[in-house]
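See structure below.
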Amino acid sequence: MTQPLAQNQAATSAPDTAPATDGAIASAAGGSPHKTRYISISNQKGGVGKTTTTVNLATALAAIGKKVLVVDLDPQGNASTGFGIDRADRVNGTYELLFGECTVEQAAAATKVPHLFVVPSSIHLSGAEIELVDTERRESRLKEALERAQGKYDYVMFDCPPSLNLLTLNALVASDGVLVPLQCEFYALEGLSHLVKTIERVKNSFNDKLDLMGVVLTMYDKRNNLSNQVSDNVREFFGDKVFQTVIPRNVRVSEAPSFGLPAIVYDLACPGSQAYIHLAKELLKRERREQEAQQKQIAGPAA
Ligand SMILES: Nc1ncnc2c1ncn2[C@@H]1O[C@H](COP(=O)(O)OP(=O)(O)OP(=O)(O)O)[C@@H](O)[C@H]1O
Ligand SMILES: [Mg+2]
């Protein structure tokens with residue numbers, strides 16, 4: 001087992017005033033103040049690779065030198081388990097953060113990967129949905145709780161549950177973009193129009209900066225005609241929103257969580273890990289391109 005990214009000593013929690021990475025402090029475009037990017041990994045369909053994508057994309061971004069916080073919004077707690085956070089250590093987690101019982105610094109536990117922290121899903125999160133219903137500003141609790149983290153991370157990534165419930169709504173309200181993992185199987189596109197409409201509704205009512213950031217094809221099997229057909233259909237439907245990088249079905253990726261490790265730490269060389277590293281690079285490239293386009297727009301035609 002290769003562990004190139006594991007740090008020797010896993011601290012128990014993030015330092016209060018943890019400095020952002022060098023690249024995080026000022027943007028490459030001339031020292032403007034650093035902005036954290038918030039990304040929801042969401043698809044209401046179960047078992048499509050949301051958690052695997054969250055854990056490994058976050059790890060890949062951290063390996064590139066970005067400072068990353070993963071927020072586990074799923075009461076199943078798979079992302080927390082995937083990072084090897086013991087249930088006994090999940091005292092402060094997403095529930096406590098949502099209900100103001102702790103700060104994000106108190107909730108952010110260090111992982112074995114340098115620069116990568118996780119707000120774990122504690123046992124109470126399964127009751128949060130019902131409790132939120134009667135809470136004031138129930139859809140923006142997470143966004144408010146994360147205000148203290150602004151600028152301290154390059155990326156905050158939300159691993160959403162397989163449902164468009166209040167926990168997912170909190171993630172969407174707090175996000176700049178939504179990344180949708182799609183499993184290469186027959187029913188891949190089913191329910192997607194509902195997700196796209198939900199993103200539109202959240203954009204119109206709560207968060208005008210929210211965008212469908214991209215679609216990533218997961219568990220792709222090149223020997224299977226169906227995988228190719230699904231990939232063609234999805235690209236026809238979503239155009240260049242679909243990432244060029246495709247995540248292959250790879251047994252090493254599915255083994256890794258049982259060791260409490262991201263696949264990239266468990267086996268860096270396996271095709272699944274390599275694909276997630278490519279995905280991270282593609283994401284960064286896209287963001288750079290969008291940033292440049294925005295800057296050109298601001299500068300106007302004379303520039
Ligand atoms: N690229 C892959 N190759 C092989 N197995 C994979 C791959 N990606 C995910 N899996 C496996 O598929 C299953 C579902 O993946 P995952 O838990 O990431 O999906 P999910 O969308 O988060 O599920 P849920 O909706 O329950 O939260 C897991 O057992 C995982 O290990
Ligand atoms: Mg999951």
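Here is how the numbers come out for the structure above:
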| read-out | value |
| --- | --- |
| Residue check, A109 among the small types (G, A, S), crowded, with 17+ Cβ neighbours inside 10 Å and over 25 Å from Y266 (Cα atoms) | no |
| Qualifying residue in segment 123-138 (condition: of a type in the set (G, A, S) and not in a helix (DSSP H, G or I)) | no |
| Qualifying residue in segment 275-291 (condition: within 16 Å of ligand 2 (Cβ to nearest atom), more than 15 Å from the chain's Cα centre (by Cα), at pLDDT 95 or above and among the small types (G, A, S)) | no |
| Segment 59-82: number of residues that are within 23 Å of V246 (Cα to Cα) and within 13 Å of ligand 2 (Cβ to nearest atom) | 4 |
| Any hit, segment 89-112, residues being touching a strand residue (DSSP E or B) at 6+ places or on another chain (Cβ under 7 Å), touching a residue at least 60 places away in the same chain (Cβ under 8 Å), within 11 Å of ligand 2 (Cβ to nearest atom) and closer than 27 Å to K209 by Cβ | no |
| Single unsatisfied condition, A269 versus (1) within 24 Å of Y155 (Cβ to Cβ); (2) in contact (Cβ under 8 Å) with a residue 60 or more places away in the chain | (1) |
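Quick grid of which residues meet (1) within 16 Å of ligand 1 (Cβ to nearest atom); (2) modelled with pLDDT under 95:
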site: D22; (1), (2): no, yes
site: G30; (1), (2): no, yes
site: R37; (1), (2): no, no
site: D72; (1), (2): yes, no
site: Y95; (1), (2): no, no
site: V104; (1), (2): no, no
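The values are calculated or read from the model by the stated rules, or taken from the named source; none is laboratory data. Just so we're clear, the structure is a prediction, and the values are computed from it rather than from any experiment. FYI the Cβ positions are ideal-geometry reconstructions off the backbone, even for glycines, and counts take in every protein chain you see.
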